[in-house]
Amino acid sequence: MRSIFDIPQDKITVAPSLLAADFGKLNEEIARIENAGADLLHLDIMDGHFVPNITMGPMLVKSIRPHTKLFFDAHLMIEEPLRYAGEFVKAGAELITFHIETEKDPAYTIAELRKLGCAVGVSIKPKTPVETVLPYLDSIDLVLVMSVEPGFGGQSFMPEVLDKCRIIRREINQKKLKLHIEIDGGIDEHTVHAAAEAGANMMVAGTAVFRHKEGAETAIQRLHAARPGEIF
Ligand code: DX5
Ligand code: ZN
């Protein structure tokens, strides 16, 4: 399995969210953003319980896997992530990110996910305090800060979550940790700058990439152009 640390941490990377693609021609859509310079593919997995929407399961992930070389970043917005994580890894997911809000014992969940051989990420919703995730930073590969309420693409960016990115970035620097800060929701060529300045290095963008009027390549170039802040 490839390592998530093959993806650089010292510059801005872009993870287009498949949620904003035309599901009637998924392979074409994936090829389009791969050729346009995407760094990885963000897969939003929703169960209709943790969030009020249902998206894709392991079968769909498996069916797109042979058609792209992109790193598969699975964002599980589901209850009982451990029940399904193995199936997603078998289907080709290389990073499994679960929501801390679903778990009583996140350390256990992280340890169990490690056994699957995938990279491990933890996500926090906009209203979840950053303190909940800090104890786990030294045992994960990525923290995903949600900048919209999870459930749907196309929502407006919530700048109030940026302080959480700053706190996490400071902690990473102080403790010399090695993990990605991914931010997800309402990221576009305008909001990306504040996100990068606050310490996020990996930008999830659905609408802003798949539905950009000037095409995906322009969209990704503009996101890549954001400069990391001083606290990076
Ligand atoms: C929301 C998802 C996001 C979403 C991003 O629950 O986690 O990944 O698809 O979409 P945009 O970029 O359109 O806000
Ligand atoms: Zn997501």
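The figures follow:
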item: Count - residues of region 101-125 that are over 14 Å from the mean Cα position of the chain (by Cα) and within 16 Å of ligand 2 (Cβ to nearest atom); result: 2
item: Hey, Thr132 surrounded by fewer than 17 Cβ atoms within 10 Å (Cβ to Cβ), among the β-branched types (Val, Ile, Thr) and more than 16 Å from ligand 2 (Cβ to nearest atom) or not; result: yes
item: Close pairs (6 angstrom Cβ cut-off, 6 or more residues apart or separate chains): more than 19 Å from Asp73 (Cα to Cα) and at pLDDT 95 or above in region 183-197, surrounded by fewer than 24 Cβ atoms within 10 Å (Cβ to Cβ) and among the charged types (D, E, K, R) anywhere; result: Glu189/Arg222
item: Filtered residues of region 52-69 (kept if assigned to a loop (DSSP other than H, G, I, E, B), more than 15 Å from Ala20 (Cβ to Cβ) and either more than 11 Å from ligand 1 (Cβ to nearest atom) or of a type in the set (Gly, Ala, Ser) (or both)); result: Gly57, Thr68, Lys69
item: So Ala219, is it closer than 21 Å to Ile45 by Cβ, in contact (Cβ under 8 Å) with a residue 60 or more places away in the chain, buried (at least 24 other Cβ atoms within 10 Å of the Cβ) and of a type in the set (Gly, Ala, Ser); result: no
item: Close pairs from region 124-152: first closer than 14 Å to Ile168 by Cα and without any contact (Cβ under 8 Å) to a residue 24 or more places away in the chain, partner assigned to a helix (DSSP H, G or I) and within 12 Å of ligand 2 (Cβ to nearest atom), Cβ under 6 Å, at least 6 apart; result: none
item: His49 outside any helix (DSSP H, G or I) and closer than 23 Å to Asp6 by Cβ; result: no
item: One residue from Leu142, Leu179 being within 12 Å of Asn201 (Cα to Cα) and away from ligand 1 (no atom under 16 Å from the Cβ); result: Leu179
item: Selection from region 65-84 of residues that are within 16 Å of ligand 2 (Cβ to nearest atom) and under 18 Å from Glu29 (Cβ atoms); result: Leu70, Phe71, Phe72, Asp73, Ala74, His75
item: Filter result (more than 16 Å from the chain's Cα centre (by Cα) and without any contact (Cβ under 8 Å) to a residue 60 or more places away in the chain) within region 159-182; result: Pro159, Glu160, Asp163, Ile167, Glu171, Ile172, Asn173, Gln174, Lys175, Lys176, Leu177
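Listed here are the residues, each with its yes/no results for (1) in contact (Cβ under 8 Å) with a residue 60 or more places away in the chain; (2) among the polar types (S, T, N, Q); (3) surrounded by fewer than 14 Cβ atoms within 10 Å (Cβ to Cβ).
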| site | (1), (2), (3) |
| --- | --- |
| Arg2 | yes, no, yes |
| Ile7 | yes, no, no |
| Ala15 | yes, no, no |
| Leu18 | yes, no, no |
| Ala21 | yes, no, no |
| Glu28 | no, no, yes |
| Ile33 | yes, no, no |
| Ile54 | no, no, yes |
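The values are calculated or read from the model by the stated rules, or taken from the named source; none is laboratory data. Treat the numbers as computed from the prediction; the structure is a model and nothing was measured. Please note: Cβ atoms are built from the backbone with ideal geometry, for glycine as well, and neighbour counts cover all protein chains shown.
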